1. Where q = 0.15, 0.16, 0.17, 0.18 Å⁻¹, what log10 of I(q)/I(0) comes from the Debye formula for the chain, counting one point per Cα?
2. Sort 211-219, 75-83, 227-235 by packing, meaning the average of other beta carbons within 10 Å per residue, with the highest value first.
3. Mind pulling the angle between the C-alpha long axis of helix 185-196 and the longest principal axis of the chain? Nearest 10 degrees, somewhere in 0 to 90.
4. Once both axes come from the Cα atoms, what is the angle between helix 200-213 and the longest principal axis of the chain, in degrees from 0 to 90, rounded to 10?
5. Kindly write out, for segment 58-67 in residue order, the coupling ³J(HN,Hα) from the Karplus curve 6.51 cos²θ - 1.76 cosθ + 1.60 (θ = phi - 60°), rounded to whole Hz, with x marking Gly and Pro.
6. What size of dipole, in debye to the nearest 20, comes out for the chain about its Cα centre when the only charges are +1 on Lys and Arg C-beta atoms and -1 on Asp and Glu C-beta atoms?
7. Run the numbers on the chain and let me know its relative contact order in percent, using alpha-carbon pairs under 8 Å that are six or more apart.
8. Around L56, which amide H atoms from residues at least 5 apart in sequence, or from another chain, sit under 5 Å from its own amide H, with H modelled in the peptide plane?
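Since every read-out is calculated from the coordinates, none of them should be taken as a lab result. As the structure is a prediction and not an experimental result, all values here were calculated from the model. Cβ placement follows ideal geometry from the backbone for every residue including glycine, while neighbour counts extend to all protein chains displayed.
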Amino acid sequence: MEVLTGLDPEVQRSLQSFVDAAGTALEDDLHAVVLFGSAAEGRLRPMSDVNLLLVLKRFDRARVDRLREPYRTARAAIRLGAMFVLETELPGAMACFAVKFADIVARHRVLWGPDPFAGLAISREALISRLAQDLLNLRLRLRQSYVLTSLREEQLSAAIADAAGPLRVAAAALLGLEGRKAESPKAALALVAAELGPEWPPAVTQISEAREQAHLAAGAAPTLMLQLIELTGLLAARLPQAK
């Protein structure tokens with residue numbers, strides 16, 4: 001496996017160990033291993049998960065069982081999260097989870113085998129439909145969080161932090177539908193926020209603080225949560241109509 005820039009040496013070693021173990025355990029059932037998300041960009045934060053996609057020819061019990069302990073070890077060491085997808089399932093998964101896979105396609109590094117996304121594409125209609133669903137689902141969950149935890153600012157801040165990633169990915173997908181691109185999902189959300197009006201960049205900065213510092217100023221979380229709920233609606237309103 002090539003040396004990945006921007007990654008801590010311990011992350012690099014643990015990744016190498018897991019990929020080697022996957023190759024040994026899964027043998028010719030392993031088609032490809034793909035690193036995606038912030039780790040693939042070299043922007044991994046201390047508390048970020050390291051995300052892998054393993055594309056398999058089949059999910060054989062005996063071979064998968066051999067990967068159990070290496071996976072548990074890597075999960076404990078570097079917060080490794082692995083998604084196991086059959087090669088035959090990949091086109092359907094890309095259509096059903098279009099926003100997630102659009103982000104994976106945009107931010108990935110192949111660690112083993114061929115690029116599984118070569119020759120595959122996510123339809124514009126699937127991306128619009130899924131993005132509308134994701135934004136609505138996020139909005140509903142955030143309202144629930146507000147009602148349940150608005151008097152518990154630390155819990156509300158955690159909910160805001162959890163929402164930052166999906167919001168950023170949604171903004172990047174929205175820009176892609178508009179024929180534009182930002183250097184990262186974080187930059188995409190900042191760009192969209194700036195276009196929405198002067199009140200939104202400060203809110204987006206606070207969302208980043210909640211995610212990256214696990215801290216918000218006293219009294220800030222309830223107002224920010226309501227702004228975040230509104231922001232999901234504004235993003236949805238910018239979606240083009242599917243043809």
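1. Those come out to -1.10, -1.20, -1.28, -1.34, one per q.
2. 227-235, 75-83, 211-219
3. The angle comes out at about 20 degrees.
4. Long axis of 200-213 versus the principal axis of the chain: about 50 degrees.
5. Rounded to whole hertz, the list is 7, 9, 8, 4, 4, 6, 5, 4, 5, 8.
6. 380 debye
7. Relative contact order comes out at 18 percent.
8. H31, V85, L86, E87
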